Amino acid sequence: NPGEAAILCLGAVRRQPWEHRGEIALRDMVTLSLSFDHRLVDGEERSRDDRRAHVRRLGAELRRREALFAEARVADYPAFRAAHPDTALPRLVVAVDELRVLVDEHPDANAVLQRLAATGRSLGFHLLLATQRPGGAVTADMRANLDVRVALRVRERSDSIDVIDSPLASRISARTPG
């Protein structure tokens, strides 16, 4: 089974009908797409160009928010929300599964993810990275900006040290449930 890389991408905020408790109202909604390696959630085949497009859209959203905050003369997401409570600007969670595969196939993704790790939180982004083969996938610059790192059982001592700066994850027994 080949490795998979997933990127959660976010589209434009639009007012769309939304049903809640039997009533329909207009609500600001964000369109999402979720790409798994070469397959999309609906099963369609996708190319590497599609994954590159997702990375570009993510970078574009970072730049858009930076410009929006600069224009509003605010330092971060909470300040923007306080100054503009009626402007639709949701917090966004970007989840990348199999980070190693993504950065191996798309080196340009690494720069976007580093920037997201460095400035994303202040812009309303939250970043979740997962990989079975850490081996340098998370750069030192990224690691410096990731507050929480979790390692489940890993086989190699070096992988444990790479993720949590400790060999302890490599010492978890395969017999330990969880």
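Looking at region 154-178 only, could you name the residues that are in a loop (DSSP other than H, G, I, E, B) and loosely packed, with under 14 Cβ neighbours inside 10 Å?
ARG155, ASP165, SER166, SER173, ALA174, ARG175, THR176, PRO177, GLY178
Considering only residues of region 81-97 that are more than 14 Å from LEU116 (Cα to Cα) and in contact (Cβ under 8 Å) with a residue 40 or more places away in the chain, which is surrounded by the most Cβ atoms within 10 Å (Cβ to Cβ)?
Residue satisfying both the conditions and the ranking: ASP97.
Could you give me the residue pairs with C-beta distances under 6 Å whose first residue belongs to region 160-177 and is in contact (Cβ under 8 Å) with a residue 12 or more places away in the chain, whose second residue is open to solvent by 60 Å² or more (accessible area, probe 1.4 Å) wherever it lies, and which are 6+ apart or on separate chains?
The qualifying pairs are VAL163/ARG149; ILE164/ARG149; SER170/ARG157; ILE172/ARG153.
Return yes when ALA151 is part of a helix (DSSP H, G or I) and small (Gly, Ala, Ser) and no when it is not.
no
Assess whether ASP76 counts as being over 17 Å from the mean Cα position of the chain (by Cα), modelled with pLDDT of 90 or more and over 27 Å from ILE164 (Cα atoms).
So ASP76 passes the test.
Looking only at region 114-124, which residues are open to solvent by less than 50 Å² (accessible area, probe 1.4 Å) and under 12 Å from ARG63 (Cα atoms)?
The answer is LEU116, THR119, GLY120, LEU123.
In the set ARG51, ARG100, ARG133, ARG143, which member is open to solvent by less than 70 Å² (accessible area, probe 1.4 Å), modelled with pLDDT under 80 and either under 30 Å from ASP162 (Cβ atoms) or outside any helix (DSSP H, G or I) (or both)?
Among ARG51, ARG100, ARG133, ARG143, only ARG51 is open to solvent by less than 70 Å² (accessible area, probe 1.4 Å), modelled with pLDDT under 80 and either under 30 Å from ASP162 (Cβ atoms) or outside any helix (DSSP H, G or I) (or both).
The values are calculated or read from the model by the stated rules, or taken from the named source; none is laboratory data. Remember, predicted model here, so these are calculated numbers, not experimental data. Cβ sites come from the backbone with ideal geometry, for glycine too, and all protein chains shown count toward neighbours. In case anyone asks, the SASA skips ligands and DNA or RNA and just uses the protein heavy atoms, side chains included. Shrake-Rupley method; radii C 1.70, N 1.55, O 1.52, S 1.80 Å.
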